[in-house]
Amino acid sequence: MASDSLSAWKRFKSKPYWLVPLSYLLLGVVWIAASDFVVEALAPNAATLSFLQTIKGWAFVLVSSALIYFLTRRSYNDMKASEDTKRELFRSTVSASDHILLNYLNQMQMVRMEAEECEGFSREVLELSDQISKETVEELKSLENLNTGSAEDIDAFIERRIREAREAVEKSVKGEEES
C-alpha cells in the first residue's frame with residue numbers, strides 16, 4: 001500500500017499542472033467548511049454575519065491569490081531550471097561537436113600536406129581546401145556563442161557547409177578541365 005501511495009505521489013509530482021488546482025480545491029473546501037463554522041459561532045446577528053461573510057470572502061481571495069502565486073512561481077522556477085540545464089547541455093554538445101569537427105579539419109590538413117607532395121595535384125584544389133577549412137573553422141567558432149538552437153539548425157549548418165564545399169570543389173575541377 002505504501003508503494004502505491006509513493007507511486008501515486010511520483011505521478012502527481014511529474015505533472016505539476018495538477019498542483020495548483022488541487023491545492024486550490026483543498027484550500028477552498030477546508031476554508032469554506034472551517035470559516036463558515038467560525039463565522040456562525042461569532043456572529044450574534046444577521047448584520048454581523050453578513051459583514052463577517054464579506055470579510056471571509058476577501059480573506060479567501062487574498063489567501064488563495066498568495067497560494068496561486070507561490071505555487072506558480074515554484075513551477076516556473078522548476079521549469080526555468082530545467083530549461084537552463086537543457087541549454088547548458090546544448091552548449092556542451094555544440095562545444096563537443098566543435099572540437100570533433102576541428103579535429104577532423106586538422107586531419108584534413110595532414111591529408112593536404114600529403115597531397116602537396118603528390119605530383120600533378122592541383123594547386124587550386126589545395127587553395128580551395130584551405131579556404132573552405134578556414135571558413136568552416138570560423139563558422140564552427142561562431143557556434144560556441146549560440147545560446148539556443150535546435151538539432152535542425154545545426155544539421156542545416158553542417159549540410160550547407162558540405163554542399164558549399166562540394167560545389168566549390170566541383171567548380172574548381174570543371175575549371176581545370178576547361179583549361
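Would you tally the residues in the stretch 25-46 being open to solvent by less than 60 Å² (accessible area, probe 1.4 Å) and either under 17 Å from Leu62 (Cβ atoms) or modelled with pLDDT under 80 (or both)? Result for the stretch 25-46: 5. For the stretch 51-75, filtering for residues that are over 19 Å from Leu25 (Cα atoms) and either surrounded by 11 or more Cβ atoms within 10 Å (Cβ to Cβ) or in contact (Cβ under 8 Å) with a residue 40 or more places away in the chain (or both) leaves 4.
A Cβ distance below 6 Å, combined with a sequence gap of six or more or placement on separate chains, defines the contacts here; from the stretch 123-140, residues that are farther than 17 Å from Gln107 by Cβ reach residues that are among the hydrophobic types (A, V, I, L, M, F, W, C) and in a helix (DSSP H, G or I) in the pairs Leu128/Ala168. Helices (runs of 4 or more DSSP H) fully within the stretch 1-118 that include at least 1 residues being basic (Lys, Arg) and in contact with a helix residue (DSSP H, G or I) (Cβ under 9 Å, 6 or more places away or on another chain): 2-13, 46-117.
Table: residues versus (1) at pLDDT 70 or above; (2) on the phi > 0 side of the Ramachandran plot; (3) surrounded by 14 or more Cβ atoms within 10 Å (Cβ to Cβ).
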position: Glu117; (1), (2), (3): yes, no, no
position: Val137; (1), (2), (3): yes, no, yes
position: Ser142; (1), (2), (3): no, no, no
position: Thr148; (1), (2), (3): no, no, no
position: Ala151; (1), (2), (3): no, no, no
position: Ile154; (1), (2), (3): no, no, yes
position: Glu159; (1), (2), (3): yes, no, no
position: Ala165; (1), (2), (3): yes, no, yes
position: Gly175; (1), (2), (3): no, no, no
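Residue pairs whose Cβ atoms lie under 9 Å apart, separated by 6 or more positions or on different chains, with the first residue in the stretch 1-24 and surrounded by 10 or more Cβ atoms within 10 Å (Cβ to Cβ) and among the charged types (D, E, K, R) and the second assigned to a helix (DSSP H, G or I) and modelled with pLDDT under 80, are Lys13/Leu19.
The values are calculated or read from the model by the stated rules, or taken from the named source; none is laboratory data. What you are looking at is a predicted structure, and each value in this text was computed from that prediction instead of being measured. Heads up, the Cβs are rebuilt from the backbone with ideal geometry, glycines too, and the neighbour counts pull from every protein chain shown. Please note that ligands, DNA and RNA were not included when accessible areas were found on the heavy atoms of the full protein model with its side chains. Shrake-Rupley method; radii C 1.70, N 1.55, O 1.52, S 1.80 Å.
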